[in-house]
């Protein structure tokens with residue numbers, strides 16, 4: 001069994017992932033900016049560290065699941081960051097959804113400190129994380145992935161190897177940008193249905209059975225119909241906007257088209273601009289009534 005550091009264990013996703021590593025028999029040290037949010041992992045047997053560096057000291061692998069580039073920068077770099085730990089040859093596994101430019105820079109920092117970096121964003125909601133049913137999008141050399149695979153397997157039921165470092169993040173941003181476009185389109189469609197005098201419950205039920213249905217459309221339309229954006233939040237409006245923004249940035253950086261992505265970004269900014277960024281991502285629907 002391995003000694004593993006998990007950074008961001010207090011997040012909805014991180015908590016479930018840390019629990020899976022504990023259940024697999026690994027020694028897990030956790031760090032979270034708000035230590036109280038890591039209480040669930042500690043109760044399950046994790047050791048709480050007072051800094052990312054302390055969590056990573058002597059670990060065989062360091063996992064991170066944080067909100068954005070700034071949070072990733074904070075847990076990996078600096079005197080108290082994980083990369084300052086003495087952990088020669090340890091894996092540095094970044095599972096967060098981040099910009100491709102930062103991921104490539106972080107990989108260079110990790111290599112300079114003797115860590116083996118693996119680009120490993122995930123897809124799946126918090127319940128999938130807790131059940132070990134995530135899908136992992138990996139960017140790393142094939143040999144490095146095989147060396148890390150035994151530590152990844154408790155987290156997931158599917159590992160997709162997209163290529164070298166940055167490839168996993170590129171795919172994740174493309175997928176999430178498509179999801180953002182679908183959520184924005186669903187909100188517009190339901191608002192148009194309302195204005196046309198249609199019964200929304202019937203619209204949502206029929207939409208979920210038709211050719212335009214997708215997991216994102218079905219989930220988003222049901223949440224919009226329910227209207228309780230402050231309950232059972234799987235993904236906040238602020239995080240959705242962040243993912244949309246960095247997805248558009250990726251498209252721009254490679255010369256890709258992003259007209260729909262930009263339109264979705266502008267719509268998804270409305271809840272955040274209205275001070276509702278911590279509500280569910282589908283809160284956009286309410287803003288279309290203003």
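Where a number appears in this text, it was derived from the coordinates with a stated rule and is not lab data. Everything numeric in this text was worked out from a predicted model, so none of it was measured. Ideal geometry is used to build each Cβ from the backbone, glycine not excepted, and the neighbour counts take in all protein chains shown.
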What nm distance separates the two modelled labels at residue 202 and residue 174, each placed 7 Å from Cα along Cα→Cβ? 4.0
Given labels modelled 7 Å from the Cα in the Cβ direction, how far is it in nm from residue 214 to residue 133? 2.1
Between helix 259-273 and the chain: long-axis angle, C-alpha atoms, 0 to 90°, nearest 10: 90
Restricting the count to DSSP beta bridges whose residues both fall in the chain, what percent are antiparallel, rounded to a multiple of 5? 15
If we count other beta carbons within 10 Å of each Cβ, what is the order of 281, 60, fewest first? 60, 281
Between 0 and 90°, nearest 10: helix 12-23 axis offset from the chain longest Cα axis: 40
With a Förster radius of 41 Å, plug the Cβ-Cβ distance of residue 143 and residue 259 into 1/(1 + (r/R0)^6) and report the FRET value to the nearest 0.05. 0.55
May I ask you to compute the full-extension gain from residue 252 to residue 37, defined as 0.36 nm times their residue separation minus their alpha-carbon distance, rounded to one decimal in nm? 73.8 nm
Bin all alpha-carbon pair distances of segment 170-287 at 10 Å intervals from 0 and give each bin's fraction as a whole percent. 15, 46, 32, 7, 0
Against the longest alpha carbon principal axis of the chain, how many degrees, from 0 to 90 and to the nearest 10, is the axis of helix 167-195 turned? 20
Computed label-point distance, nm, for sites residue 153 and residue 112 using a 7 Å Cα→Cβ extension: 3.6
Rounded to the nearest 5, the percent of DSSP beta bridges in segment 3-163 running antiparallel is 10
Share of alpha-carbon pairs per 10 Å distance bin for segment 3-163, given as whole %: 12, 47, 37, 4
Most fluctuating residue given options 169, 186, 202, as computed from a GNM of the chain linking Cα atoms under 10 Å: 202
